[in-house]
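Visitor: My questions will all concern the structure given below.
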Amino acid sequence: MTAKVRIVIADDHLLFIDGLRLMLTKEPDLEVVGTATGGKQLQSLLRDTQVDVVLMDINMPGMNGLEVTREINSWNPLVKIVMLSTYGEDYMIQKAREYGARGYLLKTSPRERLVEAIRKVAFGETVFPSRRPDHTASFTEDESFVKQFNLTRREMEIIQHIKQGMTTKEMADQLNLSQFTIKTHRKNIASKLGLKNFASMMKFIIDNNI
């Protein structure tokens with residue numbers, strides 16, 4: 001008898017977890033062995049549980065899914081992570097690749113697509129949407145944008161580093177600032193733009209081609 005693919009679901013919405021778990025129980029070769037609602041909880045679970053595939057949302061409380069993926073890959077690269085997201089932008093998909101994810105699916109994907117992706121990733125393949133050519137223009141500081149949101153030059157610089165996928169520590173090292181200062185800048189940016197979390201900030205940056 002072939003061993004089942006052991007799966008963990010990580011998402012901060014319990015109803016989504018429950019629905020996904022129920023759907024996967026209908027597949028005889030797949031088994032959900034645990035769930036997590038945050039990055040730290042997920043990492044703790046993975047240290048104590050044998051897991052083949054993690055299905056994880058990008059928008060996670062505390063640490064976003066990309067950061068969690070990079071950390072997990074640093075100490076347990078055998079765990080294969082598939083990102084589940086509402087964001088289909090090429091930039092986010094590329095970042096998921098760079099951070100070590102083995103797959104990327106939209107939450108609107110049909111059940112058959114998700115099940116197929118889990119099986120492929122479990123056996124060593126990668127599953128990503130096709131990327132369109134990147135025609136994004138290089139950044140130039142738009143004075144009207146800066147004035148509209150009352151952003152400082154330093155905050156615009158932080159925004160560019162966020163767009164490049166840099167962590168708080170990497171930004172602190174690059175700009176010769178403390179991590180606390182970087183976090184303060186990020187909070188101020190989010191407040192000025194009227195945003196609540198990392199995912200919404202990233203979407204704003206992409207949508208406005210900042």
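Visitor: Any idea which residue in the range 1-21 is modelled with the highest pLDDT, counting only those that are surrounded by fewer than 16 Cβ atoms within 10 Å (Cβ to Cβ) and more than 22 Å from ASN59 (Cα to Cα)?
Guide: That would be LYS4.
Visitor: Related question: I need a count of the residues in the range 45-67 that are of a type in the set (Asp, Glu), surrounded by 17 or more Cβ atoms within 10 Å (Cβ to Cβ) and out of contact with any strand residue (DSSP E or B) (no Cβ under 7 Å at 6 or more places or on another chain).
Guide: 1
Visitor: Would you check if there is a residue in the range 13-20 being within 19 Å of the chain's Cα centre (by Cα), under 24 Å from ARG113 (Cα atoms) and outside any helix (DSSP H, G or I)?
Guide: Yes, there is a match, as at least one residue in the range 13-20 is within 19 Å of the chain's Cα centre (by Cα), under 24 Å from ARG113 (Cα atoms) and outside any helix (DSSP H, G or I).
Conditions tested, residue by residue: (1) touching a Cys at 6+ places or on another chain (Cβ under 9 Å); (2) crowded, with 16+ Cβ neighbours inside 10 Å; (3) assigned to a helix (DSSP H, G or I).
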residue: LYS26; (1), (2), (3): no, no, no
residue: THR35; (1), (2), (3): no, yes, no
residue: GLN43; (1), (2), (3): no, yes, yes
residue: THR69; (1), (2), (3): no, yes, yes
residue: GLY88; (1), (2), (3): no, no, no
residue: ALA101; (1), (2), (3): no, yes, no
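Visitor: Filter the range 169-199 for residues that are assigned to a helix (DSSP H, G or I), open to solvent by less than 40 Å² (accessible area, probe 1.4 Å), closer than 22 Å to ASP12 by Cα and free of Cβ contacts under 8 Å to residues at least 60 places away in the same chain and give the result.
Guide: Once the filter is applied, which keeps residues that are assigned to a helix (DSSP H, G or I), open to solvent by less than 40 Å² (accessible area, probe 1.4 Å), closer than 22 Å to ASP12 by Cα and free of Cβ contacts under 8 Å to residues at least 60 places away in the same chain, the range 169-199 yields only ALA190.
Visitor: Is it the case that GLU89 is out of contact with any Ser or Thr (no Cβ under 8 Å at 6 or more places or on another chain), within 27 Å of ILE205 (Cβ to Cβ), of a type in the set (Asp, Glu) and at pLDDT below 95?
Guide: Criteria met by GLU89.
Visitor: Here are some conditions: (1) farther than 23 Å from ASP90 by Cα; (2) charged (D, E, K, R); (3) in contact with a His (Cβ under 9 Å, 6 or more places away or on another chain). GLU170 meets all but one. Which one does it not meet?
Guide: Going through (1) farther than 23 Å from ASP90 by Cα; (2) charged (D, E, K, R); (3) in contact with a His (Cβ under 9 Å, 6 or more places away or on another chain) one by one, GLU170 breaks only (1).
Visitor: Identify all residues within the range 74-86 that are within 19 Å of PHE198 (Cα to Cα) and assigned to a loop (DSSP other than H, G, I, E, B); write none if there are none.
Guide: Once the filter is applied, which keeps residues that are within 19 Å of PHE198 (Cα to Cα) and assigned to a loop (DSSP other than H, G, I, E, B), the range 74-86 yields only THR86.
Visitor: Right, next: GLU31 is checked against (1) at pLDDT below 95; (2) open to solvent by 50 Å² or more (accessible area, probe 1.4 Å) and fails just one. What number does that condition carry?
Guide: Just one mismatch for GLU31, condition (1).
Visitor: Condition (residue is assigned to a helix (DSSP H, G or I), at pLDDT below 90 and out of contact with any Leu (no Cβ under 6 Å at 6 or more places or on another chain)) applied to the range 127-138: is it met by at least one residue?
Guide: Of the range 127-138, the ones assigned to a helix (DSSP H, G or I) are none.
No, the range 127-138 has no match at all.
The values are calculated or read from the model by the stated rules, or taken from the named source; none is laboratory data. Remember, predicted model here, so these are calculated numbers, not experimental data. When we count neighbours, we look across all protein chains shown, and the Cβ atoms used for this are built from the backbone with ideal geometry, even at glycine. Quick note on the areas: whole protein, heavy atoms, side chains included, nothing else; ligands and nucleic acids left out. Shrake-Rupley method; radii C 1.70, N 1.55, O 1.52, S 1.80 Å.
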